[in-house]
1. With all protein chains present, how much of the accessible area of the chain (probe radius 1.4 Å) comes from carbon and sulfur, to the nearest whole percent?
2. Arrange the peptides 248-254, 235-241, 199-205 so that the one whose residues have, on average, the most other Cβ atoms within 10 Å appears first.
3. Binning at 10 Å from 0, report for segment 61-105 what percent of all alpha-carbon pair distances ends up in each bin.
4. Starting from one equal scatterer on each C-alpha and no solvent at all, send me the Debye-based log10 I(q)/I(0) for segment 156-209 at q = 0.12, 0.15, 0.31 Å⁻¹, two decimals.
5. Can you list, bin by bin at 10 Å, the percent of alpha carbon pairs in segment 13-165, starting at 0?
6. For segment 224-247 and segment 141-161, write down the distance between their C-alpha centroids in whole Å.
7. What whole-number value in cubic angstrom gives the convex hull volume per residue for the C-alpha atoms of segment 112-225?
8. Please list 171-181, 273-283 highest first by mean number of surrounding beta-carbon atoms within 10 Å per residue.
Amino acid sequence: ALTLKIDEPAATRVGRLIWRGGIEMKANSRNFGGWSDLHVSPDGRTLTSISDEGAWLTATVDYDAKRNLAGLSSAMLGQLRGLDGKPIESKAEADAEALARLPDGAWLVALERRHRLWRYASLAATPLPVEGPAEMSLQPKNGGMEALTAMADGTLVALSEEYSQKAGTVMGWIGKPAAGGRYTWSSFAYATIADFQPTSIAVLPDGSFATIERAFDMVRGVRCRVMRFDAAQLRPGATVRAEELARLASPYAVDNLEGLAATRGAAGETLLWLISDDNFNPLQRNILMLFELAK
């Protein structure tokens, strides 16, 4: 189990987030790691994640008596398939960075390097390509659509990690479902601060949005900001300005946080789930953290 703060094991709060437990995840498989996005079922029982080497993970979430995160069980690993129906082999093709659960239970996965959107009826199925926004191919090779979520009506909201048309922002997109499994895309700007880029987005139970922004350099290591913004800000052509809920940096538990999910807890509280990508680097960890949003 993780503690929230290394030098203060009793600490239970950072910013507006209340600690509800954390674990370091390990498995005896070389395909385990690189977790880039996250979905947790509304009942909080089932976790799904994808990796930037094309693996998928499902597991049952285990809780302690206080309904805090205690562990994962019944885990299953698999490899995403390409359009040819075969498991994706090469890193260049398998760099899955963002995951959205669609209202019909299918999954939409954003992959970078060769930027594309693939729709999976199940994660073990052969995908169908989905036409993304016009700017999709303009994104930096390793700075593509890193954050993706679907609203209850099927509308998609996505953020590019690095692509920008306006200083101090990155581009975001709104995808409205259209006939034949297509989307009508419009764009907005998402305001950023120096060094920090968005890596994940989730819809909160109240209809607002949470994001993770990540910064990294060799001197200061990884720092992450957990952010929130109201749905009213999300309009074509608008600039979304999110508020900071918490900043995670050493000595607080932090790693290369790339995945975010939100659920409603048993007492009606808003829960935020964060997962990290260890880059298959022995100096990094695959961590899963659970927080409650303070009222």
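1. 51 percent
2. Packing proxy ranking, top to bottom: 199-205, 248-254, 235-241.
3. Reading upward from the zero bin: 19, 29, 34, 15, 3.
4. -0.32, -0.49, -1.18
5. Going out from 0 Å in 10 Å bins, segment 13-165 shows 10, 38, 35, 15, 2 percent.
6. The two parts, judged by their Cα centres, are 14 Å apart.
7. Measuring per residue, one finds 133 Å³ for the Cα hull of segment 112-225.
8. 273-283, 171-181
The values are calculated or read from the model by the stated rules, or taken from the named source; none is laboratory data. It should be emphasised that the depicted structure is a prediction, and the values quoted were computed from it without experimental measurement. Every residue, glycine among them, receives a Cβ derived from its backbone with ideal geometry; neighbour counts consider all protein chains shown. In case anyone asks, the SASA skips ligands and DNA or RNA and just uses the protein heavy atoms, side chains included. Shrake-Rupley method; radii C 1.70, N 1.55, O 1.52, S 1.80 Å.
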